[in-house]
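The values are calculated or read from the model by the stated rules, or taken from the named source; none is laboratory data. Note that the coordinates shown come from a computational prediction; the quantities given were computed from them, not determined experimentally. FYI the Cβ positions are ideal-geometry reconstructions off the backbone, even for glycines, and counts take in every protein chain you see.
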Amino acid sequence: MKEMVEYIARALVRNPDAVEVTEEVRGNRVFITLIVDDEDKGKVIGRDGRVAQAIRSLLRVSGVKSDQRIVLQID
């Protein structure tokens with residue numbers, strides 16, 4: 001899942017080298033933190049948060065298959 005978030009984020013931003021994704025597993029929860037350049041935050045979040053919600057939806061679907069709850073935080 002970490003790789004999927006990183007792939008999507010790198011495709012969206014202007015500075016793909018600044019993309020960092022960390023993943024922490026606690027029980028059945030997975031916390032994914034996406035760090036992007038300040039100039040690219042708007043592209044990753046999207047208008048009214050639509051892009052971020054779409055990424056979270058993809059994570060939710062993949063989490064159901066692996067019986068995990070996935071939380072995405074964008075910094």
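Condition check ((1) at pLDDT below 95; (2) in contact with a helix residue (DSSP H, G or I) (Cβ under 8 Å, 6 or more places away or on another chain)) across all residues:
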residue	(1), (2)
ASP48	no, no
VAL51	no, yes
ILE55	no, yes
SER62	yes, yes
LEU72	no, yes
ASP75	yes, no
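What pairs can you find where one residue is in the stretch 33-50 and without any contact (Cβ under 8 Å) to a residue 24 or more places away in the chain and closer than 14 Å to VAL13 by Cα, the other is among the polar types (S, T, N, Q) and assigned to a helix (DSSP H, G or I), and their Cβ atoms are less than 8 Å apart, with a gap of 6+ or different chains?
If the second residue must be among the polar types (S, T, N, Q) and assigned to a helix (DSSP H, G or I), the pairs left are GLY46/GLN53.
Of the residues that sit in the stretch 61-75 and are surrounded by 13 or more Cβ atoms within 10 Å (Cβ to Cβ) and not hydroxyl-bearing (Ser, Thr, Tyr), which one is nearest to the chain's Cα centre (by Cα)?
LEU72
Taking the stretch 10-32 as the region of interest, how many residues are in contact (Cβ under 8 Å) with a residue 40 or more places away in the chain and in contact with a helix residue (DSSP H, G or I) (Cβ under 8 Å, 6 or more places away or on another chain)?
Looking only at that region, the number is 2.
Of all residues in the stretch 1-47, which are outside any helix (DSSP H, G or I), charged (D, E, K, R) and farther than 12 Å from ASP75 by Cβ? Lay out the reasoning, then the answer.
First, pick out the residues of the stretch 1-47 that are outside any helix (DSSP H, G or I): 1, 13-15, 19-37, 46.
Keeping just the survivors that are charged (D, E, K, R) gives 14, 20, 23-24, 26, 29, 37.
Of everything in the stretch 1-47, those that are outside any helix (DSSP H, G or I), charged (D, E, K, R) and farther than 12 Å from ASP75 by Cβ turn out to be ARG14, GLU23, GLU24, ARG26, ARG29.
For residues that are of a type in the set (S, T, N, Q) and either within 15 Å of GLU23 (Cα to Cα) or touching a residue at least 24 places away in the same chain (Cβ under 8 Å) (or both), tally how many sit in the stretch 54-65.
Of all residues in the stretch 54-65, those of a type in the set (S, T, N, Q) come to 57, 62.
Next, from what is left, pick out any that are either within 15 Å of GLU23 (Cα to Cα) or touching a residue at least 24 places away in the same chain (Cβ under 8 Å) (or both): 62.
So the count comes out to 1.
Return the residues of the stretch 1-33 that are under 9 Å from the mean Cα position of the chain (by Cα), surrounded by 15 or more Cβ atoms within 10 Å (Cβ to Cβ) and of a type in the set (A, V, I, L, M, F, W, C); say none if nothing qualifies.
MET1, VAL5, ILE8, ALA9, VAL21, ILE32
In the set VAL61, VAL5, VAL36, which member is among the hydrophobic types (A, V, I, L, M, F, W, C) and touching a strand residue (DSSP E or B) at 6+ places or on another chain (Cβ under 6 Å)?
Selected residue: VAL5, the only one of VAL61, VAL5, VAL36 that is among the hydrophobic types (A, V, I, L, M, F, W, C) and touching a strand residue (DSSP E or B) at 6+ places or on another chain (Cβ under 6 Å).
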